[in-house]
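Report on the structure given below.
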Amino acid sequence: MSIWGKIVGGAAGLAIGGPIGMLVGAVGGHLVDRYYGERDEEEADPERAKRSIGFTIAVIVLGAKMAKADGRVTQDEIRAFKEVFQVPQDEMENVSRVFNQARKDARGFEPYARQVAGMFRTAPEVLEELLWCLAYIAKADQNIHPQELDFLKQVADIFGLSDADFERVTQLQLDGDMADPYQTLGVAKDASKEEIKRAHRRLVVENHPDKMIAKGMPEEFVSVANAKLAAINAAYERIRKERGL
């Protein structure tokens, strides 16, 4: 079953709880019956299902809170949001319900960020992927606004990501020659050939979509994960050519 078919019912059935579970419960319990009618073998691993739903809801909710931070949602951001999610047209209404409920929710983003950070405390690369999705949306209008940048930095802090990781993730949102390939790989400009190769190998292994899915990232996000991996490889190729490696 698609992640969209089980978001609301799954959150209830898997007892996610916390602010994520409360928000989902407020946007349409009528989907619960549908969920229980469509359950499949994926629920043989309820913890993985819980993490997948938590990841998805967290991107929607934190995306909504980020949109609220700078006070507007541009058409480019809406387009990027759809690219991140690969939402089928018949599920767009359900996603919009969660998004709009999150924007109306008086609570700040911190409780949601803390809950998802706890869900993936042993998989920081998945939290980095979530931050990457948010930065992708923020960058869609060709400019990360100060309020959005501050929002992303606070989320990264809650996720326990270092300043270097934060810079590396946000650099991936820049295009072509604008991106610093050394920052993308998280190495110094005077790093040795071996240091650069090790950094590249580590990032490729950590960010491989199959590994991310196994740790709880829904398959619906695989296109964005592939784009991130492509950016990592492009940065390495650029350094390799510049240095003649």
Exercise for review: With θ set to phi - 60°, apply the Karplus curve 6.51 cos²θ - 1.76 cosθ + 1.60 along segment 111-125 and write out the HN-Hα couplings as whole Hz, x wherever there is a Gly or Pro.
Suggested key: x, 5, 5, 5, 5, 5, 4, x, 5, 10, 5, 9, 9, x, 5
Point to revise | Label point distance in nm, LYS241-ARG202, each placed 7 Å from Cα along Cα→Cβ | key: 2.6
Exercise for review: Give, as ranges by residue number, the residues of segment 118-136 whose backbone N falls under 19 Å from the point 7 Å along Cα→Cβ of MET22.
Suggested key: 118-119
Revision key, fill the gap. Whole-Hz Karplus couplings 3J(HN,Hα) for segment 218-231, θ = phi - 60° and coefficients 6.51, -1.76, 1.60, Gly and Pro as x, run x, 4, 5, 9, 5, 5, 6, 4, 5, 5, 5, 4, 4, 5
Review point. Which residue, chosen from THR184, HIS200, PHE221, occupies the Cα position most advanced towards the positive end of the dipole of segment 152-245, where the dipole is computed from +1 (Lys, Arg) and -1 (Asp, Glu) charges on Cβ about the Cα centre?
Key: HIS200
Study note, to complete from the structure: For segment 136-141, in residue order, the Karplus 3J(HN,Hα) values (coefficients 6.51, -1.76, 1.60; θ = phi - 60°; whole Hz; Gly and Pro = x) are 4, 5, 4, 7, 4, 8
Check your understanding: How much length is gained on full extension from GLN154 to GLU219, taking 0.36 nm per residue of separation minus their Cα-Cα distance?
Key -> 20.7 nm
Check your understanding: In the structure shown, do any of LYS189/LYS228; LYS68/LYS139; LYS215/LYS241; LYS50/LYS211; LYS189/LYS241; LYS82/LYS211 have a Cα-Cα gap over 26 Å, and if so which?
Key -> LYS215/LYS241
Check your understanding: Stretch GLU167-ARG103 to full length: gain in nm at 0.36 nm per residue minus the Cα-Cα span?
Key -> 20.4 nm
Review point. Taking a ≥ b ≥ c as the square roots of the eigenvalues of the Cα gyration tensor of segment 100-233, is the shape rounded (a/c under 1.5), prolate (a/b larger than b/c) or oblate?
Key: prolate
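The numbers here are math on the coordinates, done by the rules we state, and not lab data. Since the model is a prediction, treat every value here as computed from it, not as a measurement. Please note: Cβ atoms are built from the backbone with ideal geometry, for glycine as well, and neighbour counts cover all protein chains shown.
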